[in-house]
1. Mind putting a number on the dipole of segment 21-156 about its Cα centre? Charges go on the C-beta only, +1 for Lys and Arg and -1 for Asp and Glu, and I need it in Debye to the nearest 20.
2. Relative to the longest principal Cα axis of the chain, at what angle does helix 142-154 sit, 0 to 90 degrees, rounded to 10?
3. For the chain, take the longest principal axis of its alpha carbons; what is the angle in degrees between that and the long axis of helix 50-59, to the nearest 10 within 0 to 90?
4. When a/c reaches 1.5 or more, the comparison of a/b and b/c decides; with that in mind, is segment 1-149 rounded, prolate or oblate per its Cα gyration tensor?
5. Between Gly17, Gln150, Leu61, whose Cα lies farthest towards the positive end of the dipole of the chain when Lys and Arg beta carbons carry +1 and Asp and Glu beta carbons carry -1, centred on the Cα centre?
Amino acid sequence: MEPKKVNVWKWIGLGLGIPVGALLVLFTGLILFFGSGPEGGVRVSSNMESYALEYLKESDLLESDEQVIAYYDATVALNSTEAVILTSDRVIYHKNSTDSVIPLSQIDRIEHQEQALIGDVIQVFSKTGEIMVIEIAPLNNGKLFLSALQNQVAQL
């Protein structure tokens, strides 16, 4: 009796096919997960996402007479737990229910750098010596936030 031949290609196909298939399913799931939710990036008052507006209302971050000019949610999940808010009166860095605030009237100067891996780094220097560092990830329209901030300060 002849020994049974083992089909090597079958095992190679299974060995490669299962991991590749699993990666395709994972990749498709990630695309669906991130594609079905709200859009990230810098938003301005005319195109704010509803989750952000709700968070701002519930967390009492804004004064009654303030208007949102620009908004950037720095979280991947887009849950507003780390966000930068430019209003008609202040720039607010909100992180884990803690706020750093610089009134626009107290801004001494603004510096901007583009860093390949980090994105746009905006440094806001107050007249009192406080420094706020705002990092906006690549492809999230950091220049829009910078432009809005510079425009608001120039109007004072």
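1. On the way: 7 positive and 18 negative charges, 60 e Å.
Dipole size: approximately 280 debye.
2. So the helix axis and the longest Cα principal axis differ by about 0 degrees.
3. Tilt relative to the chain: about 50 degrees.
4. Prolate, because a/c is 1.5 or more and a/b exceeds b/c.
5. Looking along the dipole axis, the top candidate is Gly17.
Here, each number is a calculation from the coordinates, and none is a lab measurement. In this text the structure is predicted, and so the values were computed from the model without any measurement. Neighbour counts are summed over all protein chains in view; Cβ atoms, including those assigned to glycine, are modelled from backbone coordinates with ideal geometry.
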